[in-house]
Structure formats: C-alpha cells, structure tokens
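One structure is given below, represented as structure tokens, and several questions about it will come after.
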Amino acid sequence: MSIKTHREPIVILISGRGSNMRALIERSRDAAAGYEVALVLSDKPSAAGLAAARDLGVPARAVVPAETADRAAYGRDLAAAIDPCAPSLVVLAGFMRILSAEFVARYSGRILNIHPSLLPKYPGLHTHRRALEAHEAEHGATVHFVTEQLDGGPAVIQARIKVNPDDDEDSLAARVQTEEHRIYPLAVRWFCEGRLRYAEERAWLDGTVLSGPVQYDEIEASGGR
Ligand code: GAR
C-alpha cells in the first residue's frame, strides 16, 4: 500500500539551462521532499530548461515580456500564469530578470533565489570572474529570500568551495553548480515543511532567527538538518 503524503506546490522560474530546476524536480520525488513542482515558467521560449521540465513530466511554458511591457506589467503577466497553481513558494532558478516591486510584494516572504557567490560578496553578474580577479580563496553559492533589494534578501544557506590556483570561470562555475544542486532542494524542502520562513525582514529556521546563512559543510559534518 502506498501512503500519499501532502506536497506543497511550487513554481520555478528559469531563463536558461535549468540544471537547478532539474535538481529540484528530481529531489521533489523523494519520499521526504514535501513539495512538488507544479509549473516551470521562463521569460525565454528558447530556454533549454523548458523541454527538460516537460521530459520530466512537469508543465512548462514561456511567458515572454511584450516589447512595450515595463517591469510591472511583466510581473502581472507572470503572476497571472503563477496564481492558478496557488504555489506555496516561487523559486527563482537562474531567472535573469529583475522582478517588479509589486511582484515581490505579491509573494512576499514566498520567493527564494539562488545566487552563484557567497553573498553579500558579488551580487549581480559575472560572479565567478569577479571572485577570480579578487584572488578569493573561497567561492560558492547562496540561497536567499527575495526582497526588493537585488541579491540582498536574508540568506538561508550557503555552500563553499575552495578556489584552486588553476581554476578558470568554467571550472569554478561547474563546482559551484554541483553545490547549488545540493543546497537548493534542501532550502525548498525546509520552507515547504514549515521550518523555514521569512518574518520581520529576517530568515527564520526552526523558530530561530538566522544571524547568517546555514553553512552546508557544517550540516554535512554533523549529519544534521
Ligand atoms: C545558476 O548558477 C544560478 O546561481 C545563477 O544562474 C545559474 C543558472 O543555472 N543565477 C544567477 O546568476 C542569478 N543572479 P541553471 O539554469 O543551470 O540552473
């Protein structure tokens, strides 16, 4: 006999390849995941992740900004596509478009993003190049709540990698992505289990405010969470 457990619906927004989206869909099928991917949306019809989502059995379509549409109008178009799914969480996975203040307010405390740096270091673009140029010893990825401040919302979890002397942008990006695929499904699961939430402009985990992001290597070391 199979026992059906409740899974919170989530919607994923992408712009490209969708490797994080794939990791999220694959992990959603774990018995303990607590979430299911109801829909994948892209601002680009050519995003490879759209076909990948359909291959995995998840509805996926593009919501393309009209040439004349401003950020607020596009946000309303996105919301019109998202709302029929009544998602508990909107998950940005390589969605390379700045969302309107109205959109962020509509899903306040219910939008997560993953960013390829150890925030607050290197918000914005070209994070791997900038980390190399700065001769960083460490680099990584951060999951954070989305607020109106670009890449500035409260951080939830971070994974770190060492930067090797022979690293280039591609090798760094590949190792950071491997870590992203570990931390993003975990953060989404925490949220959908009701353990992670956004309140008073902070991230809370298990009823305690996070003074900084959870460090993934510490979870691994302790076998916890
Ligand atoms: C990921 O590395 C993600 O951190 C980054 O885009 C990549 C998407 O890859 N996001 C940002 O830079 C957002 N500012 P994917 O399409 O293979 O998941």
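For Gly57, state whether it is at pLDDT 95 or above, surrounded by fewer than 21 Cβ atoms within 10 Å (Cβ to Cβ) and within 13 Å of the ligand (Cβ to nearest atom).
no
Whether any residue in segment 8-19 is modelled with pLDDT of 95 or more, in a helix (DSSP H, G or I) and in contact with a helix residue (DSSP H, G or I) (Cβ under 7 Å, 6 or more places away or on another chain) is what I want to check.
Yes, some residue in segment 8-19 is modelled with pLDDT of 95 or more, in a helix (DSSP H, G or I) and in contact with a helix residue (DSSP H, G or I) (Cβ under 7 Å, 6 or more places away or on another chain).
Go through segment 137-168 and count every residue that is more than 22 Å from Arg189 (Cα to Cα) and either crowded, with 18+ Cβ neighbours inside 10 Å or β-branched (Val, Ile, Thr) (or both).
The first filter runs over segment 137-168 and keeps only residues more than 22 Å from Arg189 (Cα to Cα), leaving 137-139, 148-150, 161-168.
Restricting the remaining residues to those that are either crowded, with 18+ Cβ neighbours inside 10 Å or β-branched (Val, Ile, Thr) (or both) gives 139, 161, 163, 167.
Within segment 137-168, residues that are more than 22 Å from Arg189 (Cα to Cα) and either crowded, with 18+ Cβ neighbours inside 10 Å or β-branched (Val, Ile, Thr) (or both) number 4.
Just the residues that are crowded, with 20+ Cβ neighbours inside 10 Å and either of a type outside the set (Val, Ile, Thr) or within 12 Å of the ligand (Cβ to nearest atom) (or both), please, taken from segment 9-20.
Ile12, Leu13, Ile14, Gly18, Asn20
Now, a different point. Which of (1) out of contact with any Phe, Trp or Tyr (no Cβ under 9 Å at 6 or more places or on another chain); (2) within 24 Å of Gly194 (Cβ to Cβ); (3) among the small types (Gly, Ala, Ser) is the odd one out, the single condition Ser108 does not satisfy?
(1)
Ok, one more. Would it be correct to say that Asp206 is without any contact (Cβ under 8 Å) to a residue 40 or more places away in the chain and surrounded by fewer than 17 Cβ atoms within 10 Å (Cβ to Cβ)? Even if it seems obvious, please write down each step before you answer.
Working: without any contact (Cβ under 8 Å) to a residue 40 or more places away in the chain: yes; surrounded by fewer than 17 Cβ atoms within 10 Å (Cβ to Cβ): yes.
Judged against the criteria, Asp206 is a match.
Is there a residue being away from the ligand (no atom under 13 Å from the Cβ), free of Cβ contacts under 8 Å to residues at least 60 places away in the same chain, within 30 Å of Thr208 (Cβ to Cβ) and not in a loop (DSSP other than H, G, I, E, B) anywhere in segment 139-150?
Scanning segment 139-150 turns up at least one residue that is away from the ligand (no atom under 13 Å from the Cβ), free of Cβ contacts under 8 Å to residues at least 60 places away in the same chain, within 30 Å of Thr208 (Cβ to Cβ) and not in a loop (DSSP other than H, G, I, E, B).
Next question. Scan segment 168-225 residue by residue and report those that are within 18 Å of the chain's Cα centre (by Cα) and assigned to a strand (DSSP E or B).
Residues satisfying the conditions are Leu196, Arg197, Tyr198, Arg202, Ala203, Trp204, Leu205, Val214, Gln215.
Name the residue, out of Ala23, Ala33, that is more than 15 Å from the ligand (Cβ to nearest atom), closer than 15 Å to His181 by Cβ and within 17 Å of the chain's Cα centre (by Cα).
Every option except Ala33 fails the conditions.
With the requirement that a residue be in a loop (DSSP other than H, G, I, E, B) and away from the ligand (no atom under 12 Å from the Cβ), what does segment 119-138 give you?
Start the filter on segment 119-138 by keeping residues that are in a loop (DSSP other than H, G, I, E, B), which leaves 119-126, 134-137.
Scanning segment 119-138 gives Pro120, Lys121, Ala134, His135, Glu136, Ala137.
Please state which one of Ser46, Ser42 is loosely packed, with under 13 Cβ neighbours inside 10 Å, within 15 Å of the ligand (Cβ to nearest atom) and modelled with pLDDT of 95 or more.
Values: Ser42 fails: loosely packed, with under 13 Cβ neighbours inside 10 Å.
None of the others qualify; the one that does is Ser46.
Among the candidates Arg106, Arg97, which residue alone is within 11 Å of the ligand (Cβ to nearest atom), among the basic types (Lys, Arg) and modelled with pLDDT of 95 or more?
Arg97
Could you identify the single residue in Pro84, Pro165, Pro116, Pro154 that is under 20 Å from Ile219 (Cα atoms) and more than 15 Å from the ligand (Cβ to nearest atom)? Give the derivation first.
Working: Pro84 fails: under 20 Å from Ile219 (Cα atoms); Pro165 fails: under 20 Å from Ile219 (Cα atoms); Pro116 fails: more than 15 Å from the ligand (Cβ to nearest atom).
Result of the check over Pro84, Pro165, Pro116, Pro154: Pro154.
The values are calculated or read from the model by the stated rules, or taken from the named source; none is laboratory data. On a predicted model such as this, the values are computed, not experimentally measured, just so you know. No Cβ is skipped: glycine too gets one built from the backbone with ideal geometry, and neighbour counts run over all protein chains shown.
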